[in-house]
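Read the figures in this text as sums done on the coordinates, not as results from a lab. Predicted, not measured: the structure shown is a model, and the values here were computed from it. FYI the Cβ positions are ideal-geometry reconstructions off the backbone, even for glycines, and counts take in every protein chain you see.
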Amino acid sequence: MTPAARLSAAIELIGTIDSDRVPAAKALKEWGTAHRYAGSGDRAAISGLIDVTTLQATAAAPAPSELRLNQLATVSVRLGEPIYADAYADNPPNGAFVIIDTDTSSTAGVGFVAAPAAESAAPEL
């Protein structure tokens, strides 16, 4: 699998874990069974992206002041301009995103839309 395919699989799994409320280990096992073409290295890389330990620990842990590599969080984002997105569960291609650090052009994070915010009224001009 390419790195992009591994990332896509991890995003898909995180969506499944969130929407179906299943343990991460169970979701990983079911995904591996359904995707036999993925080798052990691919499954290990995807598991690392999800970081099962962090995922399970964050459910009971207090909100951190910052996130470290492979930590997960639920966040709200306010943008300068509107974007069009769907909930990941409804439309995965339009419900996932990548955050790029503009200074280094490297990936700073990935995420998926749990539910788009309600549309606000158009501003008066």
Revision key, fill the gap. Under the 7 Å Cα-to-Cβ spin-label approximation, residue 84 and residue 114 lie apart by a distance in nanometres of 2.5 nm
Study note, to complete from the structure: Ordered by fewest other Cβ atoms within 10 Å, a rough proxy for footprinting exposure, 30, 81 read 81, 30
Review point. In the neighborhood of residue 1, defined by Cβ-to-Cβ distances under 13 Å, what is the net charge if each Lys or Arg adds +1 and each Asp or Glu adds -1?
Key: +1
Check your understanding: When a footprinting reagent is the concern and you count Cβ atoms within 10 Å, what order do 2, 16 take, fewest first?
Key -> 2, 16
Check your understanding: Is any residue of region 1-29 close enough, with backbone N under 19 Å, to a label point placed 7 angstrom from the Cα of residue 105 along the Cα-Cβ axis, and if so, which?
Key -> 3-4
Point to revise | Local electrostatic count, residue 92, Cβ distance below 12 Å [Lys/Arg +1, Asp/Glu -1] | key: -3
Point to revise | Residues 37, 88, sorted so that the one with the fewest Cβ neighbours within 10 Å comes first | key: 37, 88
